[in-house]
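One structure is given below, encoded as structure tokens.
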Amino acid sequence: MRVSELFESIQGEGLYLGSDTTFVRLCGCSTGCSWCDTKYAWDEESGEEYDPTRLFLAIGGMRPTRVCFTGGEPLEQNQEQLATVMESLSRHGFDIHIETCGLIPPTDKVIKHVNFWSISPKLSNASPRTMIQPLQLQTLYYKIEEEGVLNGQWKFVIKTEEDVLEAKKFLVEALGDDTLWPVVLQPLNDWPLMFFNYDEYFDKIKTLKTWAEIYFDGYDWRVLPQLHLLMWKGARQR
């Protein structure tokens with residue numbers, strides 16, 4: 001497996017915001033979001049090669065026992081090797097999370113060892129090379145559910161009110177009323193990081209809250225910032 005970076009930090013997004021976490025950023029991403037803040041991980045030949053044993057030992061040498069596999073798109077790497085690492089981590093009591101856009105189907109072996117799924121379907125605002133379709137998300141969700149994994153979140157990056165409508169429409173088409181996981185909405189930062197404006201960012205959060213109250217009424221939703229952005233303005237934590 002090609003690893004872009006391996007580091008300890010706090011989780012900056014979603015339901016585990018602020019939690020002590022070991023991050024394993026794998027290389028490769030065919031989605032290519034225009035606003036991606038980890039474009040350095042897109043190249044599948046970048047980073048450093050790890051076999052499952054070496055990666056397990058490297059993760060085990062970190063302090064946090066919560067491990068988040070992210071990218072890029074982590075499921076584009078060798079899933080047989082990924083499952084082997086996860087199996088070793090599971091045997092030693094690690095809490096395994098994964099961040100994925102949902103486009104790449106995970107193997108049964110991978111699903112078996114993931115404790116928490118963060119699925120972030122990319123909206124039109126990301127100008128992705130490939131848009132995930134509702135049926136793909138439905139298939140992924142029910143496959144995970146069949147394995148008894150009921151812990152996860154849907155995470156959307158929002159810039160405009162139209163984005164909120166798109167996210168809602170996508171979930172309804174994919175899952176109807178069966179959206180058991182919480183919906184996390186976070187504002188898109190589209191400023192150059194050196195000019196990051198905290199006041200405007202918090203105004204975006206307030207506006208997003210208003211939209212969530214209108215369009216996600218009846219859902220278990222959260223409006224959350226990217227905490228790592230507020231703390232380090234996008235600087236790499238490694």
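None of the figures in this text is laboratory data; all of them are computed from the coordinates on show. Worth saying up front: this structure is predicted, and the values here are computed from it rather than measured. Here Cβ is always computed from backbone atoms with ideal geometry, including for glycine, and neighbour counts include all displayed protein chains.
Within region 59-83, the set of residues being part of a helix (DSSP H, G or I) and either surrounded by fewer than 16 Cβ atoms within 10 Å (Cβ to Cβ) or free of Cβ contacts under 8 Å to residues at least 24 places away in the same chain (or both) comprises 60, 80, 81.
Among the residues of region 75-87, those identified as closer than 13 Å to residue 50 by Cβ and not aliphatic (A, V, I, L, M) are 77, 78, 81, 84. All of (1) without any contact (Cβ under 8 Å) to a residue 40 or more places away in the chain; (2) under 30 Å from residue 95 (Cα atoms); (3) assigned to a helix (DSSP H, G or I) hold for residue 170 with one exception: (1). Residues in region 129-143 include none that are surrounded by 16 or more Cβ atoms within 10 Å (Cβ to Cβ), free of Cβ contacts under 8 Å to residues at least 60 places away in the same chain and within 30 Å of residue 63 (Cβ to Cβ).
Among residues of region 84-121 being β-branched (Val, Ile, Thr) and assigned to a loop (DSSP other than H, G, I, E, B), the one that is farthest from the chain's Cα centre (by Cα) is 107.
The residue list 180, 165, 103, 150 contains one member that is hydrophobic (A, V, I, L, M, F, W, C) and touching a strand residue (DSSP E or B) at 6+ places or on another chain (Cβ under 9 Å), which is 180.
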